[in-house]
1. Can you tell me which residue is surrounded by the fewest Cβ atoms within 10 Å (Cβ to Cβ) among those in region 96-114 that are closer than 21 Å to R224 by Cα and of a type outside the set (A, V, I, L, M)?
2. With the requirement that a residue be under 16 Å from K63 (Cβ atoms), among the hydrophobic types (A, V, I, L, M, F, W, C) and exposed (fewer than 15 other Cβ atoms within 10 Å of the Cβ), what does region 161-198 give you?
3. Can you tell me which residues in region 130-164 are within 20 Å of the chain's Cα centre (by Cα), within 28 Å of Y178 (Cα to Cα) and not hydrophobic (A, V, I, L, M, F, W, C)?
4. Among the numbered conditions (1) without any contact (Cβ under 8 Å) to a residue 60 or more places away in the chain; (2) within 20 Å of P204 (Cβ to Cβ); (3) among the β-branched types (V, I, T), tell me where T97 comes up short.
5. Checking the structure you have, find out if any residue of region 264-271 is of a type outside the set (D, E, K, R), buried (at least 16 other Cβ atoms within 10 Å of the Cβ) and in contact with a Ser or Thr (Cβ under 9 Å, 6 or more places away or on another chain).
6. Only one of (1) exposed (fewer than 12 other Cβ atoms within 10 Å of the Cβ); (2) of a type outside the set (D, E); (3) at pLDDT 95 or above fails for K137. Which number is that?
7. Scan T82, T90, T97 and give me the residue that is closer than 19 Å to S288 by Cβ, in contact with a strand residue (DSSP E or B) (Cβ under 9 Å, 6 or more places away or on another chain) and among the hydroxyl-bearing types (S, T, Y).
8. Kindly establish whether F223 is of a type in the set (F, W, Y), closer than 23 Å to A153 by Cβ and at pLDDT 95 or above.
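The values are calculated or read from the model by the stated rules, or taken from the named source; none is laboratory data. No experiment lies behind these values; they were computed from the predicted model shown. With ideal geometry, Cβ positions are generated from the backbone for all residues, glycine too; neighbour counts draw on all protein chains shown.
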Amino acid sequence: MVGVVSFLSTVPSLAISTRPHSAAPRYHPFNELIASCGTFCGDAYSADLIQRRQRSEFLSNIKGTLYTAIKANPDIIPSVLTLALNDAITHDKATKTGGANGSIRLSSEMSRPENKGLSAAFNLIEEAKKEIDSYSKDGPITYADLIQFAAQAATKATFLASAIRKCGGNEEKGNLLYTAYGSSGQWGLFDKQFGRTDAQEPDPEGRVPIWDEASVQEMKEKFRAVGFGPRQLAVMSAFLGPDQLETEKKLATDMEVAPWVQKYQRSRETVSQTDYEVDLITTLTKLSCMGQQINYEAYTYPVQKIELSKLKL
C-alpha cells in the first residue's frame, strides 16, 4: 500500500530541544531585538490604522461634497466625465508624460478646442474644492485627485438615477434597488488610488481628439495608444461627448466596437446592469491612474501624542 503524503511530511525536519522546560532560557541579544521590535511594530501598526482612518474619513467627506454639488447640477454630468477623460488620456507611455495630473486646470490647456464647453464643469469642481479645502487637515486637495473623484461621483449619480427610473421615479425604492443590486463594491481599487500630484505645466498639445467630431477610427487609435481596446471605448461612451446615445450610434457603425455597444445597452436595461457598471468602473479606475505615482500617505496628518505625565490619576 502506497503511503499517504501529508503536508507535514513535506516540511524539513526540525531539531527539537530535549532541555527541560524549567531550565532558564539562555540570553541572546536577538531576544532583546525581538522584544523591542514588538513595541515598534505595534506602534507602526497603530499609526498605519490611524492614517487609514484619516484618509477614509477625508475621502468620505469629499465624496459627499462632490455628490451634493453634482446632484444639484445633473445637466453638467457629461462635461464632468469628459473633463476627467481629457485630463487623463493625455498620457504617453513612451515618454512617460501626461496623464491624470490636473494639468487641464491650466488656462492654456483648458482653452484648447477639445476642451471647449468644459469650463462650467471645472467651475463646479473649483467651488467644491473651496469647501473641501476648508475641512482638510493636511493642506488642499490636488486638482488631479478632485477631477477624477468628481468623475466617480458623476458616474455613481448616473447609476443611482438609472435605478430610480427603474422604480418609476421613486427615490427611496431606487436607493434600495441600487443598494441591493448595484456595483458599489467594485470601487475599492479606485478609492485606494488617492494621492495624485498636480502638474505645473500643461500637457503637450494634440493628444486628445475632439470627441464629437472624431471618427470611430480616430477614437479607437487614441484608446489603443493608452492600452485600451474596442471594449473600453464602448463602455466609456458617456465620457465621449454631451449625448451618450448619439455617441453610441456612431460607435455602433464600427464592426469591432458594435458588439460591445450592444452588450452594454442590453446590460443597462437589466435591473442590476452589472456588466456595464463593473466594466465602466474598471476602465475608469485604470484611466484615472495613468501617468501617476500615487502617494498612499497623502492627506494624513501627524498623530497627536498623549503625554502621560499630564494625566492626573
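1. From region 96-114, those closer than 21 Å to R224 by Cα are 96-101, 114; that's our starting set.
Now restrict to residues that are of a type outside the set (A, V, I, L, M): 96-99, 101, 114.
Values: K96: 9, T97: 17, G98: 23, G99: 25, N101: 26, E114: 22.
In this case the residue turns out to be K96.
2. L189
3. Once the filter is applied, which keeps residues that are within 20 Å of the chain's Cα centre (by Cα), within 28 Å of Y178 (Cα to Cα) and not hydrophobic (A, V, I, L, M, F, W, C), region 130-164 yields D145, Q148, Q152, T155, K156, T158.
4. Here T97 meets the rest and fails (1).
5. Scanning region 264-271, I find at least one residue that is of a type outside the set (D, E, K, R), buried (at least 16 other Cβ atoms within 10 Å of the Cβ) and in contact with a Ser or Thr (Cβ under 9 Å, 6 or more places away or on another chain), so the answer is yes.
6. Here K137 clears every test but (3).
7. Numbers: T82 fails: in contact with a strand residue (DSSP E or B) (Cβ under 9 Å, 6 or more places away or on another chain); T97 fails: in contact with a strand residue (DSSP E or B) (Cβ under 9 Å, 6 or more places away or on another chain).
Result of the check over T82, T90, T97: T90.
8. Numbers: of a type in the set (F, W, Y): yes; closer than 23 Å to A153 by Cβ: no; at pLDDT 95 or above: yes.
Answer is no for this residue.
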